[in-house]
Amino acid sequence: QVQLVESGGGLVQAGGSLRLSCAASGRTFSWYAMGWFRQAPGKEREYVAAISRSGSNTYYTNSVKGRFTISRDNAKNTVYLQMNSLKPEDTAVYFCAADFSDGLSSSNEYAYWGQGTQVTVSS
C-alpha cells in the first residue's frame, strides 16, 4: 500500500501559476503510475493528468493541455503538477492518485488517493 500527501495549493489570481506536489510513502514509488484529479463544489471528480511509472509518458485532459505539466521524481517519491495560466474554472480540490496500471483516466480505476489540496483562482 502507498500513502499520498498533496501540498502546494493556495489562492492565486487568474493568469498565475502554482505547483502542486504529491509525496508518496509506504511502497516503491516507481511501481505506480500516478494521476491528478480535481473536484469543484457540486461537481464530479474530474481527471486532469497522468504519468507513467518511469515518467516517459504523460497524458492530459484537453482543458489543461498546454497549461499544466505533470512530472515525477522517483528518487524523491514525488509527483508534481505545474499549473500555469490558471483560470477561475481551475478552482477545485486537487487530488493525486496511484495505481499499478498505466494510462488510467477514470477515478474508479485508481486504488490509492491523497486527501487533496485546495486551489482557488480569483478573477
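The values are calculated or read from the model by the stated rules, or taken from the named source; none is laboratory data. As the structure is a prediction and not an experimental result, all values here were calculated from the model. FYI the Cβ positions are ideal-geometry reconstructions off the backbone, even for glycines, and counts take in every protein chain you see. To get the accessible areas, we keep the full protein, side chains included, count just its heavy atoms, and leave off ligands, DNA and RNA. Shrake-Rupley method; radii C 1.70, N 1.55, O 1.52, S 1.80 Å.
Structure values in brief
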item	result
Answer residue from segment 103-123, given it is open to solvent by less than 60 Å² (accessible area, probe 1.4 Å), farther than 19 Å from residue 72 by Cβ and at pLDDT 95 or above and is nearest to the chain's Cα centre (by Cα) among those	119
Test result for residue 71, at pLDDT 95 or above, closer than 15 Å to residue 20 by Cβ and open to solvent by 30 Å² or more (accessible area, probe 1.4 Å)	yes
Cβ-Cβ under 7 Å pairs, at least 6 apart or on other chains, segment 58-71 side on the phi < 0 side of the Ramachandran plot and in a helix (DSSP H, G or I), far side at pLDDT 95 or above and open to solvent by less than 30 Å² (accessible area, probe 1.4 Å)	64/48; 64/49
Enumeration of residues in segment 77-123 that are touching a Lys or Arg at 6+ places or on another chain (Cβ under 7 Å) and more than 14 Å from residue 7 (Cα to Cα)	84, 85, 102, 107, 121
Residue that is nearest to residue 121 (Cα to Cα), among those in segment 23-54 that are open to solvent by less than 30 Å² (accessible area, probe 1.4 Å) and not in a strand (DSSP E or B)	40
From the options 81, 86, residue that is under 17 Å from residue 20 (Cα atoms), assigned to a loop (DSSP other than H, G, I, E, B) and either out of contact with any Ser or Thr (no Cβ under 8 Å at 6 or more places or on another chain) or open to solvent by less than 30 Å² (accessible area, probe 1.4 Å) (or both)	86
Test for residue 24: is it free of Cβ contacts under 8 Å to residues at least 40 places away in the same chain and among the hydrophobic types (A, V, I, L, M, F, W, C)	no
Checklist (1) hydrophobic (A, V, I, L, M, F, W, C); (2) under 20 Å from residue 26 (Cβ atoms); (3) touching a helix residue (DSSP H, G or I) at 6+ places or on another chain (Cβ under 9 Å); (4) buried (at least 19 other Cβ atoms within 10 Å of the Cβ) applied to residue 100, failing item	(4)
Segment 1-22 - residue that is open to solvent by less than 60 Å² (accessible area, probe 1.4 Å), in a strand (DSSP E or B) and in contact with a Gly (Cβ under 9 Å, 6 or more places away or on another chain) and, of those, farthest from residue 65 (Cα to Cα)	4
